[in-house]
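Notes follow once the structure below has been shown.
The values are calculated or read from the model by the stated rules, or taken from the named source; none is laboratory data. Source: prediction; values computed, not measured. With ideal geometry, Cβ positions are generated from the backbone for all residues, glycine too; neighbour counts draw on all protein chains shown. Surface areas here come from the heavy atoms of the whole protein model, side chains and all, with no ligands, DNA or RNA. Shrake-Rupley method; radii C 1.70, N 1.55, O 1.52, S 1.80 Å.
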Amino acid sequence: IRTINGTIQQYIFPALIIIAVVTVVVGEYSLYRLKNVYKEMKDADEDRFYELDYEEEKWGAWTSGVNLVSQVACIIILSFGYSLKYIESGKSRYFLFACIIFILCYFYDIYLSVRYVKAIQAAHPEKKGDPTSSKFTEQWVESCDEAEKEIIYKSAYKTYIVLNKVIPILLLIANMFLNTGILAVLVVAVIYLVTGMTYIRSSMVSKAKRIG
């Protein structure tokens, strides 16, 4: 673990530059392809429309996926520099620049997300919601039809099931094998608790509305 930690610390700055460049290239390309799909949809016949519908989902997934992977990768790489010993050493002379690259990449991810939502709304005016608002998710779901809502709810439930399997494993290995300390265990435990309690509360509220 120390060897891996030391190796990654040497390459934090170039690694973040690579992640940022790949994020911009893939993000712009996938969004470009998505916009082209929307343009073609306007004059497509029925058979071609169904093909384009799949293309829309594919390039939308690429856009969302690169956004998520970029944020997670940047956080993981930068976290290897969260050490006073490392910051005070001569190896950390580029750490400030690494932080700047991290911030720029993070803001690009937000910018890409907003443009992605705007592209969808331009092609599907029925989709509502301000992507910069804290209530965007609720507004978006409300504007979806029943079939889209069913997909969202099934996906959310699948995510909950997977988290219930993954988080207990992380709780076991976080400190036992990686020696991360009690804070990492507490963070994962809180996520586990919040996830479970949110599901339970949501279920109770839904049942109460149905009975009422």
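What ranking, highest mean first, results for peptides 50-63, 189-202, 23-36 when packing means the other Cβ atoms within 10 Å averaged over each residue? If you can, show how the numbers build up before the last one.
Numbers: 50-63: 15.5, 189-202: 12.6, 23-36: 17.3.
Packing order, densest peptide first, comes out as 23-36, 50-63, 189-202.
Placing a label point 7 Å from the Cα of S206 along the Cα-to-Cβ direction, the residues of region 142-174 whose backbone N falls under 13 Å from that point are 149-161. In a simple Cβ point-charge model (Lys, Arg +1; Asp, Glu -1; nothing else charged), region 2-77 has a dipole of about 720 debye relative to its Cα centre.
Identify, among A20, S30, M41, the residue whose Cα sits farthest towards the positive end of the charge dipole of region 16-55, taking +1 on the Cβ of Lys and Arg and -1 on the Cβ of Asp and Glu, with the dipole about the Cα centre. Positive-most Cα among the choices belongs to A20. Within region 86-173, the GluC sites (Glu not before Pro) that combine a DSSP coil assignment with at most 15 other C-beta atoms in a 10 angstrom radius are E126. So how far, in whole Å, is the C-alpha centre of region 132-170 from the one of region 1-77? For region 132-170 versus region 1-77, the Cα centre distance is 20 Å. Within the assembled protein chains, the solvent-accessible surface assigned to F136 is about 40 Å², based on a 1.4 Å probe.
All other residues with a Cβ under 13 Å from the Cβ of Q121 taken together, and with Lys, Arg as +1 and Asp, Glu as -1, what is their net charge?
Details: positive: K35, R115, K118, K127, K128; negative: E126, D130.
Here the count lands on +3.
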